[in-house]
Amino acid sequence: MGGRTRDVVIVGGGHNGLVCAAYLARAGLDVLVLERRPKLGGAAVTDEPWPGYRVSTTSYVVSLMPPRIVSELDLARHGYETTVLAPDYWVPFDDGTHLALWGDPSACAAEIAKFNRADADAYPEFDRALGHWADLLHELLFVVPPNLRLGDLPDWLAFAARLRRWTGRDVAEVVRLFTISGADLLDEWFTDERVKGALGTQAVLGAWCGPMSPGSAYVLVHHWFGEVDGHKGAWAAVKGGMGAVTEAMARAARAAGAETRVDAPVRRVVIEAGRAVGVELDDGTVVRAHRVISNAHPRTTYLDLVGAEHLPGDVVRDIRRYKSRSGSVKVNLALAALPRPAGWTGPVPGDPHTGIFAISPSLEYLERAWDDAKYGRCSQHPYIEAVFPTALDPTMAPPGKHLALCFTQFAPLMPAEDWAGVRDDYGRTVVAEIDQYCPGFASAVEHVEVLGPRDLEDAYGLVGGSISHGDMSPDQMFCFRPIPGYADYRTPVAGLYLCGAGTHPGGGVMGVSGRNCASVVTRDARGARARLRRLARR
């Protein structure tokens, strides 16, 4: 058990853990990050599943990471480089037509006018409304949520002061967004099913719900408040793949003085007299620390690393009923050539390849895909969005070859043996679905990798396959995330904190949970040091 006692040890080297480490090290704390896998990055990594192909295995694009974090950590200096995807979405239809959604509202309206003049006229106001709501919610990103306790009344008053520019209508609209469905929201603005299908993709992205499920309107808006290089709502590819994002974060953390270790799985949090005093690794090594931060899933942290015997009964009950579900399946494809959609007469690569290619012809299509999953089946016609990183960076594949990274939905979390039996079938379904819109696509596929909810749970610790470390539903957001009473990144165990996506503000490669947690830990550490100085003077 020898060795020095660290100020902080962080369990898990995913992006939030690395961001948290960088901020804490910049604050002068002695920080050690422990990652169980052979490389840092968690689910934001670049792998080489086939010789010469560099694949963003799980997460595949960026949007939600605030410019504030990029700037404060100087990530560009550490290798973070993005290319905005344009169009935002390119959606084909059975008749050979397509709808391209661009970052420019007037360009979107012009595209929509090809299908419906009234919907085109409505789009600019819709864009302004969602932009306004996204701005309101964006103000909450860097807020440490107050807990639901009487002693937290001053925190609630401070929180209320931050909302002084909100009107009563703003509050009502945000409440509506958390309770109505994405379909209800889109029905208020548009009539054409193709338009609603194209816009409804983000209402189900990574979520265990369909576009007609209550609360899916918020999921849509959550994906609307991203920003890349000054482009609001944009999505971007990262040079070198998603592993370059987390490598830049790791470099920022190490430059500030943090230490990182891989192949260092943590068995348990060491608790003495009700306080976290370090961690024990699988090999029996104990690393002592004044504070422990877990970037693992909340359920994993509470029940596996801590153990129910160290927790109050109500906390055990709450964390056991914490919902963590997803029907997301990542399908990575190595291609002999880029696809040419039916009806596309432009160059290759062109608009379908430099943006996000999405198969979502209507809200009914998305809802039927969800219907299959909620009854325990893989979607017969899944939602598919694909990016082609080699259209922007040919070095991601061997010369003349290409990649298609497909984020798809839905497959339920099946027993391991059941999923093993359907994994290949699901991959073939995705390829066949794209082939319907891009004749000849199937014959260009040379390698296939399929990662379903079970794979995401086993390989990356994403319980239930949830890429957000838990459902992003009204009962599990802000002061309720992950559980009531412990939304401020602290836990019932003194000296133990959470910094992963299972805390506010939730999922996406954002780094905000890591930054917010670092602010809480820094404040607690400084307070403890001040108390020690006062005692010493006495």
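Overview of results
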| item | result |
| --- | --- |
| Relative contact order of region 153-260, defined on C-alpha pairs under 8 angstrom at six or more residues apart (%) | 20 percent |
| Selection of trypsin sites (Lys or Arg not before Pro), region 99-172, meeting DSSP coil and at most 12 other Cβ within 10 Å | Arg149, Arg164, Arg165 |
| All aspartates and glutamates inside 12 Å of Lys232 as judged from Cα atoms, apart from same-chain residues fewer than 8 positions distant | Asp88, Asp104, Asp127, Asp135 |
| Dipole of region 262-313, positive direction: furthest Cα of Val286, Gly274, His297, with charges on the beta-carbon | Gly274 |
| Percentage relative contact order, the chain, counting C-alpha pairs under 8 Å, at least six apart | 24 percent |
| Local electrostatic count, Pro394, Cβ distance below 13 Å [Lys/Arg +1, Asp/Glu -1] | +2 |
| For region 371-409 and region 228-287, distance of Cα centres in Å | 27 Å |
| Per residue value of the accessible surface for the chain (all protein chains in place, 1.4 Å probe), Å² | 38 Å² |
| Under 25 Å from the Cα of Lys239 - lysines, other chains or at least 8 residues apart | Lys39, Lys330, Lys401 |
| Cα radius of gyration and Dmax for region 81-163 (Å) | 19.9, 61 |
| Rg/Rh (Cα only; Kirkwood hydrodynamic radius) as it applies to the chain | 0.97 |
| Whole-percent carbon and sulfur share, accessible surface of the chain, 1.4 Å | 53 percent |
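The values are calculated or read from the model by the stated rules, or taken from the named source; none is laboratory data. Just so it is clear, the model here is predicted, and its values are computed rather than measured. Every residue, glycine among them, receives a Cβ derived from its backbone with ideal geometry; neighbour counts consider all protein chains shown. We work out accessible area using only protein heavy atoms, side chains counted, and drop any ligands, DNA or RNA first. Shrake-Rupley method; radii C 1.70, N 1.55, O 1.52, S 1.80 Å.
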